[in-house]
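Participant: Dumping the structure here so I can ask a few things about it.
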Amino acid sequence: MMNEPDLDAPLLSVVIPAYRRRESVLLLLADLFRQRYRRFEVIVVEDCGGDGTYEAVMKLFPQVIILKNDKNSGPTVSRNRGIRAAKGEIVVGLDSDVTVP
């Protein structure tokens, strides 16, 4: 049974810039959605990698906010774009090649 979100807990925004890391991003998202803390949003910013990250995230994790840059701009620009879109009281940036046990 999935844990229900604690509505009194702060909203956490997780921002992930992604460039040609489709498989890593999908593994990271699976890790995030297995966490017990349930009051969070995930924002992936796809940086024109052309490897199908955008489409795979949309298909497999429709609850994720996914933004796609018009041109490759690098991780800092992508992370900042995700931070601007974040609604959380706390914002965490994760690289696309990490795992969260």
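The values are calculated or read from the model by the stated rules, or taken from the named source; none is laboratory data. What you see is a predicted model; the values in this text were computed from it and never measured. Using ideal geometry, Cβ is built from the backbone for each residue, glycine included, and neighbour counts are taken over all protein chains shown. We work out accessible area using only protein heavy atoms, side chains counted, and drop any ligands, DNA or RNA first. Shrake-Rupley method; radii C 1.70, N 1.55, O 1.52, S 1.80 Å.
Participant: Would you list 37, 54 from the most to the least accessible area, probe 1.4 Å?
Facilitator: 37, 54
Participant: Let me ask you something else. Quick one: angle between helix 22-32 and the longest Cα principal axis of the chain, in degrees between 0 and 90, rounded to 10, please.
Facilitator: It works out to around 10 degrees.
Participant: Please report, as a whole percent, how much of the solvent-accessible surface of the chain comes from carbon and sulfur atoms (probe radius 1.4 Å).
Facilitator: For the chain, the apolar C and S fraction of the accessible surface comes to 53 percent.
Participant: Hey, can you find the accessible area per residue of the chain for me, probe 1.4 Å, expressed in square angstrom?
Facilitator: Computed with neighbouring chains in place, this is 61 Å² per residue.
Participant: If you restrict to DSSP beta bridges whose two residues both lie in the chain, what percentage is antiparallel, to the nearest 5? Intermediate results must be reported in sequence, preceding the final value.
Facilitator: Numbers: 0 of 15 bridges.
Taking every DSSP beta bridge within the chain, about 0 percent pair in antiparallel fashion.
Participant: Mind checking which of 70, 31, 47 has the largest fluctuation in a GNM of the chain, springs on alpha carbons under 10 Å?
Facilitator: 70
Participant: Can you return the aspartates and glutamates within cross-link range of residue 71? Criterion is Cα-Cα under 16 Å, with same-chain partners fewer than 8 residues away left out.
Facilitator: 46, 47, 51
Participant: Longest segment of the chain with no trypsin sites (Lys or Arg not before Pro) in a DSSP loop having at most 12 other Cβ atoms within 10 Å?
Facilitator: With a cap of 12 other Cβ atoms within 10 Å, the longest stretch comes to 37-70.
Participant: Let me ask something else about it. How many nm separate the modelled label positions at residue 84 and residue 58, each set 7 Å beyond the Cα in the direction of the Cβ?
Facilitator: 2.1
Participant: Still on this structure: At 0.36 nm per residue, minus the direct Cα-Cα distance, what do residue 98 and residue 20 gain on full extension? Give it in nm, one decimal, please.
Facilitator: Separation in residues times 0.36 nm, less the Cα-Cα distance, equals 26.7 nm.
Participant: Normalise the Debye intensity by I(0) for segment 11-101, one equal point scatterer per Cα, no solvent, then take log10 at q = 0.11, 0.21, 0.23, 0.26 Å⁻¹ and round to two decimals.
Facilitator: For segment 11-101, the Cα-only Debye profile gives -0.25, -0.96, -1.17, -1.49.
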